[in-house]
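Everything below concerns the one structure shown next.
The values are calculated or read from the model by the stated rules, or taken from the named source; none is laboratory data. Owing to the predicted nature of the structure, the values given are computational and were not obtained by experimental measurement. Note that we place each Cβ from the backbone using ideal geometry, even for glycine, and neighbour counts take in every protein chain shown. The protein model used for the area step is the full one, side chains on, heavy atoms only, and it has no ligands, DNA or RNA in it. Shrake-Rupley method; radii C 1.70, N 1.55, O 1.52, S 1.80 Å.
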Amino acid sequence: MKKTAATVVAVTLLLSGSAFAGAFSSGPALLEQRCAVCHPTSKVKVLKRTPAQWDAIVTGMVKKGAKLSPDEKKTLVKYLADNYKR
């Protein structure tokens, strides 16, 4: 019985943690949480770039140490390309 209760608690915590992590995976949140570590987001928000240019910029930032998973990178590039486009 105790094993079952512990398993239920562990699964609940795991699922709630996944949902919480997903809350920070939106484009605006990624921009604020990951990009602002090195430079102000106002620097990004004045740029107008094509989707390919945003992808190249974000790829370059990841190479310099920005912490983004492949899915987060895709989300961030889409957000930037949709909102700060040339």
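Of note:
- Any hit, the range 33-43, residues being in contact with a helix residue (DSSP H, G or I) (Cβ under 9 Å, 6 or more places away or on another chain), open to solvent by less than 80 Å² (accessible area, probe 1.4 Å), without any contact (Cβ under 8 Å) to a residue 24 or more places away in the chain and hydroxyl-bearing (S, T, Y): yes
- Helices (runs of 4 or more DSSP H) wholly inside the range 32-86 containing at least 2 residues that are under 13 Å from the mean Cα position of the chain (by Cα) and among the charged types (D, E, K, R): 70-83
- Search result, residues across the range 48-86 that are among the hydroxyl-bearing types (S, T, Y) and either surrounded by 17 or more Cβ atoms within 10 Å (Cβ to Cβ) or touching a Pro at 6+ places or on another chain (Cβ under 8 Å) (or both): T75, Y79
- Residues in the range 68-86 that are modelled with pLDDT of 95 or more and either on the phi > 0 side of the Ramachandran plot or basic (K, R) (or both): K73, K74, K78.
- Criterion violated by F24 - all others in (1) open to solvent by 50 Å² or more (accessible area, probe 1.4 Å); (2) at pLDDT 95 or above; (3) aromatic (F, W, Y) satisfied: (2)
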